[in-house]
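I have placed the structure first, in the form of structure tokens, so that the comments after it can refer back to it.
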Amino acid sequence: MLKCIKGGRVIDPSQRLDGVGEIWIRDGRIVESPTADASADVVYDATGMIVMAGAIDIHSHIAGANVNTARLLLPEQHRAAALRPDRTPLSSAGWSTRQTGRDYAAMGFTTVVEPAVAPHTALHAHLELADVPIIDKAILCVLGNDDYLLRLMRDQPSAAHVCDYVAWNLRATKALGVKVINAGAAAAFKANVRAFSLDDVVPWYGVSSRQIVKTLQRAVVDLGLPHPLHVHCNNLGLAAGADSVIATIEAAEGLPLHLAHIQFYAYGAEGERRFSSAASRLAESVNAHNNITVDVGQVMFGQTVTISGDVTRQFSALAKADPKKWAIIDGDSNGGGIVPYNYRKTDFHNAVQWAAGLELFLLIDDPSRVFFTTDHPNGAPYTAYPDLFALLMDRDLRAQWMAELPPAAMAMTTLASIKREYTLAEIAVMTRTSPARLLGLGDRGRLAPGARADIAVYADQPDKAAMFRHAALVFKDGDLVARDGRVQTNVLGRALTVESTVDAAIEAQMRAYYQQTYGLESDLLKVPANALGVPEPFEAAPCGG
Ligand SMILES: [Zn+2]
């Protein structure tokens, strides 16, 4: 069947396209416009509308062990359990697998990455993601606090062996990439270490956080993985955090590295309250290093829950739990911490955090190297994205928000002085073109012939938050899945993984290690393709080299 979206303003930075045009679709893919006399079987009139590729979220905690602990800890926050009239911000994010896929689709999102899955919980995460409708999903596999790697680095450092181990984990967990969370800190936490910086050393193993990051970064580069090592730096939430991020950027030595939710590090100790924004200093460092990409982890106001594998950080945040309950899991490799939190407009620190995130977006010059996350749900639920895009596109709107926040907090940031407004094309770069490139997903994020027909059409209107909240038309693989923000189907998306070749020797080594250490078969970690209950659910992106 031949379909055509006609009359809309097509914005596709990958082709430097911004103008009224047509998009033709056949068999789930975008195709060249046929001859002038060809007629489509179905025509969608997009006059007065914006046509973009489907949006891609590179970092959103939507599945896995820690997310489920949060669900169990806070039943009163979900929609289904909330038999009370007032909706909470978290209830708007749904929390159920079904609602997650539907909410994302309604906003024009077609691909989402769950960025923090410990290898031992990969099967669970994939099963849960398989139940999220419409969107395509992927996971990042978390390494860097695991006994095998740390022993390897201590006893017989060999780059090839580390590569084999990383490839084995990727294959076993069917992940799209590798993440490291506060490298070494969760291992050190077991020895009662409660603060951990880049040059601190993990007890027993004698390896530093810096060595772990660099070792994993090298392995990711040597394996030719499309997605750079995804790093959650040391000292999240602390005034020392900005220095940790800058030191990690310097340590990358020009090799690709992605730094997650850097707003949570963009703090200094200026002013009477000894808390200020250090966003301009961080942005300067990112601007100076082309090998670095970042996502922001924007804070928006309201009730949420922080979910993190950074057990050290979460443990130190327990006193701020709101409501007063929490869970800390000192796990087998990476632990986890679930701490509910309420970001308040009247709170000095929260207001500085909000401003620091926006400063990062607006002070990092290249929109292809800064990504729009809220680190869902840590800074805010993903349902806050439309408001965030509107704030980036409109300085008057930012001024209105700032007028409601404590002036003393605003004085600790440069936000009021920033005039920049994102254009729609820059929003498309940040939400479509660049995330596809960053993840190595060449089949999406663009509207060129050959690309997957994942397409979002928005009614152009002055209220950009309203525009992005309810897409007028959303296509997944060429099928119309949502109209005017209402989802029409619960069709299932696919799971995206990366092709990695695994050396035969590492199989035997992993089998022996699991037997000796845990009395378990290493095969228990492996995610079998048939586990998801549908034929061939996994689609592999190739390694580049
Ligand atoms: Zn995160």
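Derivation of every value follows stated rules applied to the coordinates shown; laboratory data play no part. Every value quoted in this text rests on a predicted model; they were computed, and no experiment measured them. Here the Cβ positions follow ideal geometry from the backbone for every residue, glycine too, while neighbour counts run over all protein chains shown.
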message = Quick check: pseudo-label points 7 Å beyond the Cα along Cα→Cβ at Glu404 and Ala191, how many nm apart are they?
response = 4.8
inquiry  = Using a 7 Å offset from the Cα along the Cα-to-Cβ direction at both Arg154 and Arg344, what is the distance between the two label points in nm, to one decimal?
reply    = 4.5
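Counting only helical runs of four or more DSSP H residues, what would the 222 nm mean residue ellipticity of the chain come to if each run contributes -39,500 (n - 2.57) and the total is spread over all its residues?
So the calculated ellipticity at 222 nm is -9000 deg cm²/dmol.
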key: Backbone HN-Hα couplings from phi across the range 506-512 [Karplus 6.51/-1.76/1.60, Hz, Gly and Pro as x]   = 5, 4, 5, 5, 5, 4, 5
ask   = Check Thr497: other-chain or 5+ apart residues with amide H under 5 Å from its amide H, H built from backbone geometry?
value = Glu539, Ala540, Ala541
inquiry  = What is the sum of charges, Lys and Arg at +1 and Asp and Glu at -1, for the other residues whose Cβ falls under 14 Å from the Cβ of Asp18?
reply    = +1
query = Spin-label point model (7 Å from Cα, Cβ direction): what's the Thr35 to Ala411 distance in nm?
reply = 7.3
message = Using a Cα-Cα cut-off of under 22 Å, which lysines could be cross-linked to Lys476, ignoring same-chain neighbours fewer than 8 residues away?
response = Lys3, Lys6, Lys137
remark   = Counting sequence-distant residues (5 or more places) and residues on other chains, those with an amide H built under 5 Å from that of Leu259 are Val231, Thr293, Val294, Asp295
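For the range 255-284, state which trypsin sites (Lys or Arg not before Pro) are in a DSSP loop and have at most 16 other beta carbons lying within 10 Å of their beta carbon.
Answer by residue number: Arg273, Arg274.
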key: Long-range amide H partners of Asp394 with built H, under 5 Å   = Tyr422
query = Which lysines have a Cα lying under 18 Å from the Cα of Lys214, excluding residues fewer than 8 positions away in the same chain?
reply = Lys179
Relative contact order (%) - criterion: Cα under 8 Å, at least six apart; region: the chain = 21
ask   = Each residue of the range 302-308 in turn: what ³J(HN,Hα) in whole Hz from Karplus with 6.51, -1.76, 1.60 and θ = phi - 60°, glycine and Pro shown as x?
value = x, 6, 8, 9, 8, 10, 8
task = Treat every Asp and Glu Cβ in the chain as -1 and every Lys and Arg Cβ as +1, leave all other atoms uncharged, and give the resulting dipole magnitude about the Cα centre to the nearest 20 debye.
result = 860
message = Net charge around His349, counting only other residues with Cβ within less than 11 Å of its Cβ (Lys, Arg = +1; Asp, Glu = -1)?
response = +3
query = So how strong a dipole does the range 153-204 carry about its Cα centre when Lys and Arg Cβ are +1 and Asp and Glu Cβ are -1, to the nearest 20 debye?
reply = 260
remark   = Among GluC sites (Glu not before Pro) in the range 263-303, those in a DSSP loop whose Cβ has at most 11 other Cβ atoms within 10 Å are Glu272
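Lys and Arg at +1, Asp and Glu at -1: add these up for the other residues within a Cβ distance under 13 Å of Gly445 and post the number. If you can, show how the numbers build up before the last one.
Working: positive: Arg432, Arg437, Arg444, Arg446, Arg452; negative: Asp12, Asp57, Asp136, Asp443, Asp454.
Net charge around Gly445: 0.
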message = Compute, for the range 390-482, the length of the dipole vector about the Cα centre, with Cβ point charges of +1 (Lys, Arg) and -1 (Asp, Glu) only. Units Debye, rounded to 20.
response = 280
query = Out of the DSSP beta bridges found with both residues in the chain, what percent are antiparallel (nearest 5)?
reply = 55
